[in-house]
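Peer 1: Quick one: this structure, given as structure tokens, is what I'll be asking you about.
The values are calculated or read from the model by the stated rules, or taken from the named source; none is laboratory data. This is a predicted model, so every value here is computed, not measured. Here Cβ is always computed from backbone atoms with ideal geometry, including for glycine, and neighbour counts include all displayed protein chains.
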Amino acid sequence: MLDINDFIKERGGDPEKIRESQRRRGAPVEVVDQVIELFETARKTQYEATQIGAQINGVQKEIGKKKKAKENADELLAQKADLEKRKKEQEALAAEKRIELEKVAKTIGNYVDDTVPVSQTEDDNPTERTWGDEKKRNKVPQSHHDLLWRIDGYDPIRGVKLVGHRGYMLTGYGFFLNQALINYGTQFLFSKGVVLIPCAALKTLGEV
């Protein structure tokens, strides 16, 4: 997602770059101007809430002076309460405007790279590279158990005899693949700070 500041020139953004990216996508360009307009609305709404806050501070100082002089401050207290209510409503409105802004901004994708062909279909997509035999690539893909069977990587027959329906035993390269996945998992956890304790060590500690 693009940052909101990317749409605003005064904050170092380049809205025209985003418009051009939208053109390359075949997406609506006017949504960029909509984001800019929503940004201004949200900014002004929040600024008004800040100004009310400044008024509250001013009234609070006057209340302090009244109390110090032991004078009645009921009118100022009522004014302060009214301002605080207005500020709360204005901040809620500012939050709504911000949510609306982010919702529209999220509909715009990241910049389209200059190397991407400008086309609305896949007909103009270039082939970057190919691999293997084209005839083999066009064949229907085989399932993982078919591939394991071809390399003698598992034995479903003995597996069913041992544990029942859909049981299997990993053999040969299948065993090494499974072991590699386990090693990868444990190394990944270890790199994240997880303390690995073998079950055998736990059993020994329990017996002690």
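Peer 1: Go through K97, K106 for me and flag whichever is surrounded by fewer than 13 Cβ atoms within 10 Å (Cβ to Cβ) and touching a residue at least 24 places away in the same chain (Cβ under 8 Å).
Peer 2: On inspection, the qualifying residue turns out to be K106.
Peer 1: Name the residue that is farthest from the chain's Cα centre (by Cα), counting only residues in the stretch 82-115 that are of a type in the set (S, T, N, Q) and under 23 Å from E20 (Cβ atoms).
Peer 2: Going through the qualifying residues, I end up with T115.
Peer 1: Out of the helices (runs of 4 or more DSSP H) lying entirely within the stretch 110-201, which hold 2 or more residues that are modelled with pLDDT under 80?
Peer 2: 134-137
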